[in-house]
Every structure is written in structure tokens, then in C-alpha cells.
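Worksheet for the structure shown next.
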């Protein structure tokens, strides 16, 4: 049942993830991995409070799985949200080294 909370930052629309300090980070790898129902409920409450304070919009839970020793989003939609645009590989999180390894594309592609 591993997962994390994601949302979009209200000020600029960037995808963010709830971190272990209760703040928001653009880096998927810095997001808090939650493994139990109590943690999930608390994280969703924190997300709702951030939405009420106009910090983020539509916080929600995403399921994670372990792949290659790392957590990755289970759903393709969430993998794309974690890495940035798919139409130009010179933009988004992949250019800053934040793309999860399973989505990194070689220079030859």
C-alpha cells in the first residue's frame, strides 16, 4: 500500500509532492513514502489544509511500487507527472536530473 500525496502548486501549476516535513517539493524522490492507513489519512489531511490555504490544488494519493530498488508511480499518468513533458526531452524535470531512472531516455533516442 505504499504511496504518496501529489498536487499542483497554485502559484505556477507545477506538480509537487508532499515531503516528510509536511511541505511540498517538485522532486518526486524527495516526496514522503507512506506505508500505512494512518499515515495516508494524515497526509491527505495535510494536503487538504494546503488546498484550503491556497498553496496547492487537488491533492490526492498515488500508489507506488518498488522497481529496480526504487519507488516509482504505478500509473503511467503519475510517472509522466513526476518527470515532466513527454513531447520535448529538453524540458522538464528530466533536464534537471530529477526523472526517475526508469523513465530516463538515452541521448540516442
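Nothing in this text is a laboratory measurement; each read-out follows from the coordinates by a stated rule. The model shown is predicted, which means the values in this text are computed figures rather than measured ones. Positions of Cβ are backbone-derived with ideal geometry, glycine not excepted, and every protein chain shown enters the neighbour counts.
State whether the stretch 4-60 is rounded, prolate or oblate according to the following rule on the C-alpha gyration tensor (a ≥ b ≥ c being the square roots of its eigenvalues): a/c under 1.5 gives rounded; otherwise a/b larger than b/c gives prolate, and the remaining case gives oblate. Oblate is the answer for the stretch 4-60, as a/c is 1.5 or above yet b/c matches or exceeds a/b.
Take every pair of alpha-carbon atoms less than 8 Å apart whose residues are at least six positions apart; their mean separation over the length of the stretch 3-99 yields a relative contact order of 26 percent.
Computed from the alpha carbon atoms alone, the convex hull of the stretch 3-99 holds 97 Å³ per residue.
In terms of surrounding Cβ atoms within a 10 Å radius of their Cβ, 77, 67 rank from fewest to most as 77, 67.
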